[in-house]
Each structure stands twice: as structure tokens, then as C-alpha cells.
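Peer 1: The structure that follows is given in the form of C-alpha cells.
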Amino acid sequence: MIATLQPAPSQEDPPAPLLAVQDLTAGIGGKEICRGLNLRVEPHQCWGILGRNGAGKTTLLHTLAGLRAPAAGRIMLSGRDLRSLSRRAVARAVGLLLQDSVDSFPATVLETALIGRHPHLGLWQWEGPEDLEAARRALRAVELADLETRLVNTLSGGERRRLAIATLLVQDPSLYLLDEPTNHLDLRHQITLLDLLTDRARNGGKALLMVLHDVNLAARYCDHLLLLFDDGTTLGGPAAEILQQDHLSRLYGHPVVPAARPDGGRAWLPA
């Protein structure tokens, strides 16, 4: 009997990460904010970016969103080079929350939330009933349902922040890039909105990459962290490995000490 070779069972390639950063170098105003950065952001992950004031956290987020060109390296969205994608394609995949919102034209709360649907509409296409329902569902989620007819320029800072997050929910991207999402929010809304966003990632197959100033919110909500040091070096990985006393003390240029949280985790306090 002549033995024949059987083909090996085919194995599907693993899906590409939502965001892959390869040897990225970026800077602003002559300051290098990261050098040779490599990063993989997978579905269901929540990443936090920590660093001192002026470390370049916002600049990095804008670079990852395609608003600034890196000095070197590649940025891949679901396996495709960011530079090869149209702005509409990027807007369908990536939602960017800026530090502050600027409203150039008068609009109501509902009209502003509907802006999130624009990347998904065709040329000259108007929003339909499904788009309106998506906007109203998002406004309910951020507790603004009763304000949908208000003009945005009459909102408080916290209400405007919640509206910006609602607009992102309506956009429904795969990757959320959030620049200080807790800006202007009181304690309750900080927790409820971070609960909402992290649930969207972990149970909806999305991912978050968010700049935070509060290391304890990062410890509570992020499973991965990226630290930006002032000399352009970075440190990233699982939060349990990154949230160490020596790393955080170096990051902030001030000694920090751990403290026990009621849930058994650790909080971080200045020494």
C-alpha cells in the first residue's frame, strides 16, 4: 500500500487587533512623546493612558485617530493601514472624544447626538427613524432624554460632556479614543458613564483607549495601561503589571503609596 500525505487541517488566521501600533514615534513642538511604541488593542479591552501634564497624551490620541502624522511607524485599524483609509471609513471604526467640545453652530441636543450617525449615511441621505431611535437611546443612557430640544449652548459643562459621549454611542465605533472622558463630570456621573463605556467594550466587542488623570479611576476600570514618561519612553501592558509603586512614582515625579480599597483592590495615594 502506498501511503499518501493528507493535507494538514486548515487553521484560520486570528483576527487582526482593532488597533495595532508598530514602532511609532510621535512628537509635538520638538518634544518627542513616544519612541518606537508598539501596541495592540484587542476587542473587549479597556486601556488607560497615564502621564504628567504635557507628556503628550492628547497628541498621541490625535495621532492614533489620524489627525496628526507620526514621525515614524505605522498605525493599523483592524489590519488595514490608517493612511490607506478614507476619513469616512476611519470615522466608522474610530470614535474620538476631545477634551472639550466646541459648538460652532446652534443645534439642539437631539440634533447634536444625531451627528454620530453621519459616517453611516450616504451622500445627501437624511436620518431615518432608526437613527432617531439610536440617538434617543443614547440620550437616555447618559440621562439627557428630557433635554433633547434644548440648545447645546444652554447646557452646563457636565451636560455637554454627557452629550459628547452620547454622540459617540450613536456613532457606535469599534474603537473609542477618549480624551479625559470624566472632564466636567461630578462623582456620580464619572462612575455611571465609565461603567457605561467599559460595559460597551467588554460586552459589546468594542475597545477603549482613554486618557485619564486619576490613577485610581484607571485602576478601577482599565485592564491595560500605557504610561508616557517625559523622556519619550513608554511602558505598557496588563494593569496588574503596570500599577506598581516604582512605575507610578517615576511617572508622576512624586512618591506614591498603595492603600487598600473596600473591594480588595489597591488605591494609590501621594506620599
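Since every read-out is calculated from the coordinates, none of them should be taken as a lab result. Bear in mind the structure is a predicted one, so any value in this text is a computation, not a measurement. Note that we place each Cβ from the backbone using ideal geometry, even for glycine, and neighbour counts take in every protein chain shown.
Peer 1: Using 1/(1 + (r/R0)^6) with R0 = 51 angstrom and r between the beta carbons of residue 254 and residue 149, what's the FRET efficiency to the nearest 0.05?
Peer 2: Details: r = 47 Å, r/R0 = 0.92.
After rounding, the FRET efficiency stands at 0.60.
Peer 1: Starting from the Cα of residue 25, step 7 Å along the direction of its Cβ; do the same at residue 233; then give the gap between the two resulting points in nm.
Peer 2: Taking the simple label geometry, residue 25 and residue 233 are separated by 1.7 nm.
Peer 1: Would you calculate a helix-derived [θ] at 222 nm for the chain, using -39,500 (n - 2.57) for each DSSP H run of n ≥ 4 and dividing by the full residue count, to the nearest 500?
Peer 2: Using -39500 (n - 2.57) per qualifying helix, the result is -9000 deg cm²/dmol.
Peer 1: Now for a different question. Say each of residue 71 and residue 199 gets a label point 7 Å from the Cα, pointing the same way as Cα to Cβ; how far apart are those two points in nm?
Peer 2: Label-label distance for residue 71 and residue 199, simple model: 4.3 nm.
Peer 1: Please sort through the DSSP H helices of the chain and keep those with an alpha-carbon extent of at least 20 Å along the long axis and a Kyte-Doolittle average not below -0.5. Before the final figure, lay out the partial values.
Peer 2: On the way: long enough: 157-171 (21 Å, 0.11); 187-204 (25 Å, -0.40).
Qualifying helices, which must be both long enough and hydrophobic enough, are 157-171, 187-204.
Peer 1: Residue 86 to residue 107: extension gain in nm, 0.36 nm per residue of separation minus the Cα-Cα distance?
Peer 2: 4.9 nm
Peer 1: Full extension from residue 133 to residue 78: what is 0.36 nm times the residue separation minus their Cα-Cα distance, to one decimal in nm?
Peer 2: 17.0 nm
Peer 1: Right, something else. Between residue 121 and residue 261, what's the calculated FRET efficiency when r is the beta-carbon distance and R0 is 45 Å? Round to 0.05.
Peer 2: The value I calculate is 0.50.
Peer 1: Relative contact order of the chain, please, whole-number percent, based on alpha carbon pairs below 8 angstrom and at least 6 residues apart.
Peer 2: Averaging sequence separation for qualifying contacts and normalising by length gives 24 percent for the chain.
Peer 1: Please report how far the C-alpha centroid of the range 14-59 lies from that of the range 67-143, rounded to the nearest whole angstrom.
Peer 2: Result: 21 Å between the Cα centres.
Peer 1: Tell me, in nm to one decimal, what length is gained between residue 44 and residue 156 on full extension, where the rule is 0.36 nm per residue of separation less the Cα-Cα distance? Present the calculation step by step, with values, prior to reporting the outcome.
Peer 2: Values: separation 112, 0.36 × 112 = 40.32 nm, distance 3.19 nm.
Here the answer is 37.1 nm.
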